[in-house]
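*Asks:* Before I ask anything, let me first share the structure, which is written out below as structure tokens.
The values are calculated or read from the model by the stated rules, or taken from the named source; none is laboratory data. If you're wondering where the values come from, they're calculated on a predicted model, not measured in any experiment. All Cβ positions, even for glycine, are placed from backbone atoms using ideal geometry, and neighbour counts span all protein chains on display. Note: areas computed on protein heavy atoms with side chains; ligands, DNA, RNA excluded. Shrake-Rupley method; radii C 1.70, N 1.55, O 1.52, S 1.80 Å.
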Amino acid sequence: MRKILSSVLAVLSIVLTVGVVSAAPASAAVSCSGTVTYDYTVAGLGELTIYYNSTNGGTNSACFYHRGAAYGVAAPTYVRAYRCFEASGEGQPCTVDISSTADLGNFAYHAGPRGVTGTANRCVAAYGYIDWGGSRYYVSSGRQGC
């Protein structure tokens, strides 16, 4: 009985591990580089940029950069990237299929990169912000790269 229980636990452990590993490709190690597919600056203080490259069935990454008076000054900054279910409808709201992890911290130059893979035939979206002078300046890209 112990041998059977040990075998069942070992198989369950492998199944759980494989399940976790199979979900990992949707969020990959990415960089703030590639072809720019979206770029927007808010209030001269922050800039959300989405990049694309063709690795891993299409990889999109997002970075939120400090600009103007905020450049080089530590401030709460956030960015997150999303793969949408949709394959068309540039600028429209994104129904999120996969989300990257968020990058939030007291940064002086940028938050990110954060990215998602499997985007070759899908729209992507990103959201980022900087808190500055008691206000939050944010950019929500809507669907891009469709």
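*Asks:* Does segment 67-80 contain any residue that is in contact (Cβ under 8 Å) with a residue 12 or more places away in the chain and more than 21 Å from Val42 (Cβ to Cβ)?
*Replies:* Taking every residue of segment 67-80 in turn, none turns out to be in contact (Cβ under 8 Å) with a residue 12 or more places away in the chain and more than 21 Å from Val42 (Cβ to Cβ).
*Asks:* Can you tell me which condition Gly134 does not meet? The list is (1) closer than 14 Å to Val42 by Cβ; (2) open to solvent by 50 Å² or more (accessible area, probe 1.4 Å), and all the others hold.
*Replies:* So Gly134 meets the others, but not (1).
*Asks:* Could you identify the single residue in Ala87, Ala108 that is at pLDDT 95 or above, over 25 Å from Ala43 (Cβ atoms) and more than 14 Å from the chain's Cα centre (by Cα)?
*Replies:* Being at pLDDT 95 or above, over 25 Å from Ala43 (Cβ atoms) and more than 14 Å from the chain's Cα centre (by Cα) holds for just one of Ala87, Ala108, which is Ala87.
*Asks:* Give me the residue from segment 65-100 that is more than 12 Å from Ile130 (Cα to Cα) and among the polar types (S, T, N, Q) and, out of that set, most open to solvent (accessible area, probe 1.4 Å).
*Replies:* Gln92
*Asks:* So, in segment 101-123, how many residues would count as being surrounded by 17 or more Cβ atoms within 10 Å (Cβ to Cβ), not small (Gly, Ala, Ser) and not in a strand (DSSP E or B)?
*Replies:* Total satisfying the criteria: 3.
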